[in-house]
Amino acid sequence: MNKPKIALIGGGQIGGNLALLAAQKELGDVIIFDIPQSEGMVKGKALDITQLAPHDGYDVSISGTSNWDDLKNSDVFIITAGIPRKPGMNREDLLDINLGIMKDVADNVKKQSPDSFVIVISNPLDAMVYAFHKVSGFSKNKVVGMAGALDSGRFRSFIAEELNCSVQDISCMVLGGHGDTMVPITRLATVGGVPLEDLIDPKRLEEIVNRTRFAGGEIVKLFGKGSAFYAPAQSAIEMAESYIRDKKRVIPCASLCEGEFGINGYFIGVPSLISSNGVERILEFELNDREKSELNNTLEAVKKTVEETGL
Ligand code: APR
């Protein structure tokens, strides 16, 4: 039986970590693609990760390329191609440059592997995943954006720090767009089954929610150059693993809503079940008035960036 073929479009900070994590989990053979000027860099990363295998014991092949033909018949694409945010730049500022790149990537993915499952990470995420879907014409279950998994993970880590308890026992979701308007659903968050709102007072919880909203920017500022890469890579790997191994995990992802939560025609963060069919279904639930208004607010922000793409 053939191993799954995992194509990483963009072999920068996130791409390199995706390659390492995919190899360590033995998700499949990994091929890292980047522009010709960076072909040496991705070939070098591939060799380095190959030479880590004897220490870690994984049996997959890892290679680098700048030739689209090498990506023929890939099963999964994870796209980070683009430029990352610079200090003072918001995700929307990236739109123009990354949109041109995404259109080109979508054309090539469609040509090489029309049946693949595609996870988009490039920012501004909500517009990039929309653009990929629109340009490729892929069915909606085969295209998804990575945002909610990362934002929820950040929220979980801040709660664990606050309560000095294991992050493993914290369950929560962050819905909406991947920007400052994201919607952490504190009402349904639990710590070992105990409602979060019974454990942290509202004022402090609001501070943690705000830190979550700006968590990406906090890291950008600290780095001075580039944006977060370890947690984004792991978040996308969880989604790819659920597809490849048919785990049916329920992960907040930017999925195409067609009526769910009253949203129509936009990719936005919602609880999504990922199986070997891709995004098999969106799990809908009743929102309270505050959550509805916050989701409306984030939807407006998503619509605005999507409109700027002109697609
Ligand atoms: N095709 C393939 N790769 C490309 C293309 C293209 N047309 N254009 C740029 N790239 C590559 C760059 O050469 C670079 O190696 O994409 C890679 C991006 O890597 P980094 O600059 O290190 O960025 P990274 O931190 O990995 O983030 C990637 O994810 O979270 C988002 O905002 C972030 O949009 C950014 C993306």
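The values are calculated or read from the model by the stated rules, or taken from the named source; none is laboratory data. Note that the structure is predicted; figures quoted are calculated from it, not measured. A quick note on method: Cβ atoms are made from the backbone with ideal geometry, for glycine too, and the neighbour counts reach across all protein chains shown.
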Does the stretch 43-65 contain at least one residue that is over 20 Å from the mean Cα position of the chain (by Cα), farther than 20 Å from Asn17 by Cα and either surrounded by fewer than 23 Cβ atoms within 10 Å (Cβ to Cβ) or polar (S, T, N, Q) (or both)?
no
So, of the residues in the stretch 127-156 that are away from the ligand (no atom under 13 Å from the Cβ) and in a loop (DSSP other than H, G, I, E, B), which turns out to be farthest from Ala254 (Cα to Cα)?
Gly137
Test each condition in (1) crowded, with 18+ Cβ neighbours inside 10 Å; (2) farther than 17 Å from Pro124 by Cα for Phe267 and report the one that comes out false.
(2)
So, Gly100, is that one surrounded by fewer than 16 Cβ atoms within 10 Å (Cβ to Cβ) and assigned to a helix (DSSP H, G or I) or not?
yes
Exactly one condition in (1) more than 13 Å from the ligand (Cβ to nearest atom); (2) modelled with pLDDT under 95 is false for Ser63; which is it?
(2)
Name the pairs whose Cβ atoms lie under 9 Å apart, with the first residue in the stretch 21-43 and free of Cβ contacts under 8 Å to residues at least 24 places away in the same chain, the second part of a strand (DSSP E or B) and more than 13 Å from the ligand (Cβ to nearest atom), and 6 or more positions between them or separate chains?
Lys43/Ser63
So is Asn108 at pLDDT 95 or above and not hydrophobic (A, V, I, L, M, F, W, C) or not?
yes
